[in-house]
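Inspection log for the structure reproduced underneath, given as structure tokens.
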Amino acid sequence: MKVMDSAFARGFAKMADDGWQLRFHERNGGNLSYRIPAEEIEAVREDLNLTGDFLPIGTEVPGLAGEFFMVTGSGKYFSNVLAAPEENCCIIEVDEKGERYRVVWGLTKGGRPTSELPTHLMNHEVKKQASGGRSRVIYHCHPVNVIALSCVLPLTDRDFTLALWQNMTECPVVYGEGVGVVPWMVCGGRDIALATVEKIKSYNVVVWAQHGIFCAGADFDETFGLAHTVEKSAEIYVKVASMTAGETRRQVITRENFIELKNSEEFKGLYINPEFLK
Ligand code: 2HA
Ligand code: ZN
């Protein structure tokens, strides 16, 4: 099968376009990666070029040795992915030590995988392990309202989690573990990757102050839905702050409400991080 006839490649391109439609990706902002299951890569093997040279990743990810990923290209625009995935994305193979990669499909007009490849792969490595292999998608985008909040809220996991949870019931339901926050750092390198990895061990969403978010999930719908839910709550916060001239919100979902939600019949088994209920 051709890569572009596979469900995973079509899902990847659709998600990129969903992000573009929601204005999460100005210019070449953001990046997306998918850890491809063995049977899905097997089905498209005839369309791969497995003869290229391996290049250094810039970090070591032994937990991903031999894995294949579909990723967006460095400098490529999300707005162009759906029309021409083979020009704007690629499939990479990680070598048997987890130190190097090579492009085996895509980037037909040249280019490299995303500048955030070290962060993506290091996040995949920890999420793969923490989720027992379930986690497959890492998504980075620049949603305007989350970034706006990072200009005004204290940059703590607690402040962000409560600010987002308290506007909308869906939030603690969808990300009951909360969100992590990384202060402003230079992007694209190993330091921000390490800081993000520390946070993504406990959360599925990490805010990069004055930059955007990183999130992780099992599939495209779950991961995009997570980013969308976070950004929607941030938008509500920004609207409320605008209506009230910056005064404190008058009604929010309270700590007692979160406990009520968690203990309800309707949401039986829902996990809400107890750290943020204190
Ligand atoms: O331009 O978003 O963080 C891609 C990015 C870098
Ligand atoms: Zn970015």
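The values are calculated or read from the model by the stated rules, or taken from the named source; none is laboratory data. Just so it is clear, the structure is predicted and the values come from calculations on it, not from any experiment. Don't worry about glycine lacking a Cβ; one is built from the backbone with ideal geometry, like all the others, and counts go over all protein chains shown. Accessible surface is based on the protein model in full, side chains and every heavy atom, while ligands, DNA and RNA are left aside. Shrake-Rupley method; radii C 1.70, N 1.55, O 1.52, S 1.80 Å.
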Restricting attention to the range 199-241, and to residues there that are in a helix (DSSP H, G or I) and either in contact with a His (Cβ under 8 Å, 6 or more places away or on another chain) or open to solvent by 50 Å² or more (accessible area, probe 1.4 Å) (or both), which single residue is nearest to Val186 (Cα to Cα)? Lys199
Taking helices (runs of 4 or more DSSP H) that fall entirely within the range 1-110, which contain at least 1 residues that are more than 27 Å from Gln129 (Cβ to Cβ) and more than 16 Å from ligand 1 (Cβ to nearest atom)? 7-21, 85-88
Residue in the range 67-81 that is open to solvent by less than 40 Å² (accessible area, probe 1.4 Å), touching a helix residue (DSSP H, G or I) at 6+ places or on another chain (Cβ under 6 Å) and away from ligand 2 (no atom under 16 Å from the Cβ) present: yes
Can you report the number of residues in the range 113-153 which are in a loop (DSSP other than H, G, I, E, B), buried (at least 22 other Cβ atoms within 10 Å of the Cβ) and away from ligand 1 (no atom under 12 Å from the Cβ)? 2
Under 7 Å between Cβ atoms, at least 6 apart or on separate chains: pull out the pairs that start in the range 201-220 with a residue that is over 15 Å from Thr119 (Cα atoms) and end on any residue that is within 13 Å of ligand 1 (Cβ to nearest atom). Ala209/Val182; Ala209/Trp184; Gln210/Ile147; Gln210/Trp184
Please enumerate the residues belonging to the range 164-181 that are in contact with a Leu (Cβ under 8 Å, 6 or more places away or on another chain) and surrounded by fewer than 21 Cβ atoms within 10 Å (Cβ to Cβ). Thr169, Val173, Val174, Gly176
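Check Val71, Val103 and return the single one that is within 18 Å of the chain's Cα centre (by Cα), under 26 Å from Cys141 (Cβ atoms) and free of Cβ contacts under 8 Å to residues at least 60 places away in the same chain. If you could, list the steps in order and put the result at the bottom.
On the way: Val103 fails: within 18 Å of the chain's Cα centre (by Cα).
Going through Val71, Val103 in turn, just one is within 18 Å of the chain's Cα centre (by Cα), under 26 Å from Cys141 (Cβ atoms) and free of Cβ contacts under 8 Å to residues at least 60 places away in the same chain: Val71.
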Any residue in the range 49-59 that is at pLDDT 95 or above, open to solvent by less than 20 Å² (accessible area, probe 1.4 Å) and within 21 Å of Phe8 (Cβ to Cβ)? no
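Table: residues versus (1) closer than 22 Å to Thr156 by Cβ; (2) of a type in the set (Asp, Glu).
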position	(1), (2)
Ile236	yes, no
Met243	no, no
Thr254	yes, no
Glu260	no, yes
Asn263	no, no
Asn273	yes, no
